[in-house]
Amino acid sequence: MSNTKPNPAEMDFSRVTWEKSPFSGGNDNCVEFGVIGDLVAVRDSKRPEQTPLVYTRGEIRALLAGVKAGAFDHLASADSGRNVTWP
């Protein structure tokens, strides 16, 4: 089995069911997630025609663990340009 992910530009996303966070407030300031085979696709809800990014389930698990631990909280603040060190 290869660890190489397919090129998203060569993938067919037409059958993906996209999901938004319920915390988006119904506006377009969010990203959407969709499952495609063993991968998770991520796209900008304002630009659904653009090629999504594609991640493995392991990469998504690592992202979610960081989000839950607060590793990215600084990105939502007005002071998001600061350098942050995370263990």
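Can you give the FRET efficiency for ALA9 and ALA76, using 1/(1 + (r/R0)^6), R0 = 25 Å, r = Cβ-Cβ distance, to the nearest 0.05? Walk me through the numbers before you get to the answer.
Working: r = 30 Å, r/R0 = 1.19.
According to the calculation, E is roughly 0.25.
First measure r as the distance between the Cβ atoms of ARG57 and SER24, then evaluate 1/(1 + (r/R0)^6) with R0 = 30 Å and state the FRET efficiency to the nearest 0.05. Don't skip to the end; give the middle numbers.
Working: r = 23 Å, r/R0 = 0.76.
Approximately 0.85, to the nearest 0.05.
Rule-based calculations on the coordinates, nothing more; no lab input. These numbers were taken from a predicted model, which means no experiment stands behind them. No Cβ is skipped: glycine too gets one built from the backbone with ideal geometry, and neighbour counts run over all protein chains shown.
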